[in-house]
Amino acid sequence: MKIGIVTQPLIDNYGGILQNYALQQALTKLGHSPFTYDTCYRWDIIRYGMAVLNIAAHKLAGRWHDVQYPAKPYKGFMRKKSIGKFIAEHIATVAAQNGITLESGPCPDALIVGSDQVWRPLYNRDDSCSPLGNSFLDFADSHDEILKLSYAASFGVDNWEYNDRQTEYCAGLLRKFKAVSVREVSGIELCRRHLSRPDAVKVPDPTLLLNPAEYRKLYSRSHLEQEPYAFISLLNSSEEIRANLRNICRSMKLRARFLFEEEMSPEKWLRTIDEAAVVITDSFHCMLFSILLHTKIIVKPSSMRGQNRFEELANSLGIAPGDIFISEYAEIPTAMTKSINFKKTDEYIGEMRADGYSFLNNALNNNK
C-alpha cells in the first residue's frame, strides 16, 4: 500500500526526524511504500521581521544561546545542511509547504498520523503549516476509500487543552479513523472522554519499532580512546545553567558536551548518545534513545513540554522515577550513583515493539 504519513514539521528536531524515519522503516519492512508530507511553518512578514530583529539584538548582546523558539526564524524556513542531508537520504517525502492536500503527492491508499505531539494544540496552531485539523486528516475527510489511522499520536499532557470548537471538530474527524492508537496511557482516557473513541489503544513510540543494531547501521562507533564526556542535550537552558553544568561535570571528571554547540547530524546525535558516559537531558526522545542504547541517563523533565510523557515512558519500562529523574541540577552527582536494569528495559521494549507491529499489521491488512 502507498501510505502517507502526517507528522510535525521535519525541522531541527532529532527525535521528530528519527521517529518518522523509524515509522517509515517499520512500514517498509511490512511491505508498504510510505512517504511523509513535508511541511514547514508559515510566518507572516511582520512576525518574521520581529524575530530577525530579536536575534540580532541577542547576538549583539552576546546572548545567542539564550534565544528560544519561536525567536529562531530558520526553524520555519530552512534546515541545517546535515539534517537536510539525512532527510534526503533516508526519508521519503513529498512537498507540502503550502498545506497538505491529496494532490501534494501520490494518492495514498492509507494515511497515518503520528507520532510525537501531533494532537497538542500548542504545537499545531492554525497559523502554522501543521494545523490541528491536518493531524486529524481533515484534508481527506470526504475520501472514505482511504484508510485512516493514528500511530502513537500524543497529546503531550494528561489534561484536555482543546477548546469546544476544536473538540467538536476533531471528534467528528476521528470518527472516520479505522483504528486509533496513542503513545501514552493518558491519551486513551482523553480519546474516550473527549473524542468519542473508547477503542483507542496504547502503542510504543515509533523509534522503539527498530532495535539498536538498526540504528547503529547509520553511523560508525568510535573505538579510539577518548576523554569520557557527559552529553548535555537541553531544549531549555541559559548560560548560567550551562556554566553550572560545566562545573558539575568537571567535579565528576567528565567533559561537558552541549547540544547546539557543535554541528550534529541525526547520525552524530545518535552516536554521541551511544558513546557518552552519561546523558543529561530534558528531551523525551533523547531519554528514549539513551535507554534503547544502554547509556546512563539523567532527566530533568520539562513541564512546559509535557512532563507526563516522561513519567509514562519510565513507568512503561519498569524504571523507578528516582533512578533517572532530578528536580535540580545539584542532584546530578547523586543521580550518577543510580543505575537502570537494561536487561529488564530490553524485555519491556521487546514486548512493546511486538505490540506496535501487531497494531500496524491488523489495521493495514484487515482493511475491509
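Derivation of every value follows stated rules applied to the coordinates shown; laboratory data play no part. Please read all numbers here as calculations on a predicted model, not as lab measurements. Positions of Cβ are generated from backbone atoms using ideal geometry, with glycine treated the same way; all protein chains shown enter the neighbour counts.
Table for the structure above
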read-out: Gyration tensor (Cα) of region 73-183, equivalent ellipsoid semi-axes in angstrom; value: 24, 19, 14
read-out: Label point distance in nm, VAL185-MET50, each placed 7 Å from Cα along Cα→Cβ; value: 4.2 nm
read-out: Spherically averaged projected area of region 197-312 from its Cα convex hull (nm²); value: 8.8 nm²
read-out: Within straight-line cross-link reach of LYS176, aspartates and glutamates at Cα separation under 18 Å, skipping those fewer than 8 residues along the same chain; value: ASP109, ASP138, ASP141, ASP144, GLU145, GLU168, ASP199
read-out: Proximal lysines to LYS300, defined as alpha-carbon separation beneath 18 angstrom and excluding residues fewer than eight positions away on the same chain; value: LYS338
read-out: Net charge dipole size for the chain [Lys, Arg +1 and Asp, Glu -1 on Cβ; Debye, nearest 20]; value: 540 debye
read-out: Distance in nm between pseudo-label sites at GLU262 and GLU168 (7 Å out along the Cβ direction from Cα); value: 5.4 nm
read-out: Selection from ILE232, VAL118, ASN247, by position along the positive dipole direction of the chain (Cβ); value: ASN247
read-out: Expected 222 nm ellipticity per residue - DSSP helices of 4 or more, -39500 (n - 2.57), all of the chain, to 500; value: -12000 deg cm²/dmol
read-out: Proximal lysines relative to LYS268, as straight alpha-carbon distance under 17 Å, when same-chain residues fewer than 8 apart are discounted; value: LYS80, LYS81, LYS85, LYS217
read-out: Cα pair distances in region 125-248, grouped into 10 Å bins until the bin that holds the longest one, percent each; value: 10, 28, 24, 20, 13, 4
read-out: Rg in Å to one decimal, and Dmax rounded to a whole Å, for region 207-246 via C-alpha atoms; value: 15.3, 38
read-out: With eigenvalues of the C-alpha gyration tensor scaled by 5 and rooted, the chain, Å; value: 33, 25, 20
read-out: ASP127 paired with GLU103, simple spin-label distance in nm, labels 7 Å along Cα-to-beta-carbon; value: 2.8 nm
